[in-house]
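See structure below.
Taken together, the values in this text are just the output of simple stated rules run on the coordinates, not laboratory data. Nothing here was measured: the structure is a model prediction, and the numbers come from that model. Positions of Cβ are backbone-derived with ideal geometry, glycine not excepted, and every protein chain shown enters the neighbour counts.
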Amino acid sequence: MKKVLSVLTVLTCLLLFGCGAAPKLRTIVNSFSIEADFETVWVAVIETFSDMQFPIDNMEKDSGLITTDWISFPDRYADCGKLGILDTALETNGKFNAFLKRVTENSCELRVNCSFQLTYTAYGSEREHRKGCVSTGEWEADFYKLILSKIDR
């Protein structure tokens, strides 16, 4: 009887605390060729950050780099896996950047990157924890589509 009780106790603990799962591995498209001059694409990138309500932290036109600081964003952009059944997710944040490079007089390459993290509390603790998340690829695709819509006006 003690053996059965021990096994049930272990299984209950595993069920309650061991239900977390890692994010899915994905192949993300984050580099795009755009047939337009640098100035046109640069303005479209800035407008797109604004339209998505992602405030720009740093912008260097000479290097083609635009970055944001950590900001809260829609959950569909990140896969943080699953927390343990008794853990509580608090907030998902992302940091985004775009790098624009002139290839020819009328074409550019745009590379976008994002880092994500989930803030959560673990069962029985009030201390906040953070874990890394991965992109779902939706932010990159949405960003690119918005830029193209601004260039094709």
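Quick notes on this one:
- Spacing of the two label points (7 Å from each Cα toward its C-beta) at I85 and K24, in nm: 2.3 nm
- Here D152 and I56 are evaluated by their C-beta separation; at R0 = 35 Å the FRET efficiency comes out at 0.90.
- Full-extension gain in nm, N113 to R130, via 0.36 nm per residue minus C-alpha separation: 4.1 nm
- Net charge, T27 excluded, C-beta distance under 14 Å - Lys, Arg +1, Asp, Glu -1: -1
- Estimated FRET transfer efficiency (S72, N106; beta-carbon r; R0 41 Å; 0.05): 0.65
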